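*Asks:* Quick one: the structure is below, and I'll ask about it shortly.
Quick note: the coordinates plus some simple rules give every number you see, no bench work behind them. What you see is a predicted model; the values in this text were computed from it and never measured. Glycine gets a Cβ as well: all are built from the backbone with ideal geometry, and neighbour counts include every protein chain shown.
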Amino acid sequence: MKTFRFAVASIRYHKKALILYGLLAFFAVIGLIISDTLLHSLSQLFSQAKAYVIDEEMPAKIIQEIQPIATIYQNLFLLIFASFLLVFTGFTIFYQQMKRKEFQAWLTSGASSRQWVGMQLLEVLIPLMAIVLFVFALLILFQPFFQQEMITSHLTIFEREDPSVQVWQSIKNQTTSDFGITIPQTSQAFIQNIELNSSEWLSMILKSLRQTVMLLCTSVTIITLVVASSHCFYWRNQQWKNQKIN
């Protein structure tokens, strides 16, 4: 409890630096949720597209044509996540260097390095959880807007890749004559066949939110523990060397 109070006080004192961290976390959470939800809704599109076909070989063909779009969403997710890790690691190193004098005062007060590392961890997790709650409130309040934006994103990608045309062309090339199919032949019609109600969209968004929170919390915890522990070890060694010289 004492460490928690110190962490809150430190957050208030270093609010400028932590506001930057909060903005980084906000855009990372939003970006990861959107890219992950796009991937989930693409899976739903495939599930519904299978209902249109009778030929047993066509689902595999649909997967083959939609896979490049799934790869785009996966790469977008990885790009956002990797960018967050890179920027957050740099921020954590800078933040720990900025607090060197505070660490020396902390040791002088008789507190341990373990308590210091725990405080550093709280200083990044508390703002992150505040951002998560804020994003959750935004998703609830503006769910129709998020739904429309994701459908628009689907349309943009589908217009570029145009898998519906490719799938239809593949169907025309089939030699089998004893099957029927009614897959839409335009990207707009293809996307409009995603028949999801508000509760299903909300379920996908919240699932993505949960996965994003777990991923970011784990990453932030590991990076902070490694960087803060390394700085503690380095600063203590420097302190011991200076004491021996004196």
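*Asks:* What FRET efficiency do you get for Phe4 and Phe94 if R0 is 41 Å and r is their Cβ-Cβ distance, rounded to the nearest 0.05?
*Replies:* For R0 = 41 Å, the calculated efficiency reads 0.95.
*Asks:* Right, something else. Starting from the Cα of Thr108, step 7 Å along the direction of its Cβ; do the same at Ser198; then give the gap between the two resulting points in nm.
*Replies:* So the label points at Thr108 and Ser198 sit 5.9 nm apart.
*Asks:* Step through the residues of segment 138-150 one at a time and calculate ³J(HN,Hα) from phi using the Karplus curve (6.51 cos²θ - 1.76 cosθ + 1.60, θ = phi - 60°), rounding each to whole Hz and writing x for Gly and Pro.
*Replies:* 5, 5, 5, 6, 10, 4, x, 5, 4, 4, 5, 5, 6
*Asks:* Using amide H atoms built 1.01 Å from N in the peptide plane, name the residues 5+ places from His14, or on other chains, whose amide H lies under 5 Å from its own.
*Replies:* Placed amide hydrogens put nothing under 5 Å from His14.
*Asks:* Same structure again: What spacing in nm lies between the two simple spin-label points modelled at Ile126 and Leu215, each 7 Å away from Cα in the Cβ direction?
*Replies:* In this crude label model, Ile126 to Leu215 measures out at 2.8 nm.
*Asks:* Can you figure out the FRET efficiency of Ser230 with Gln44, using R₀ = 35 Å and their beta-carbon distance, to the nearest 0.05?
*Replies:* 0.20
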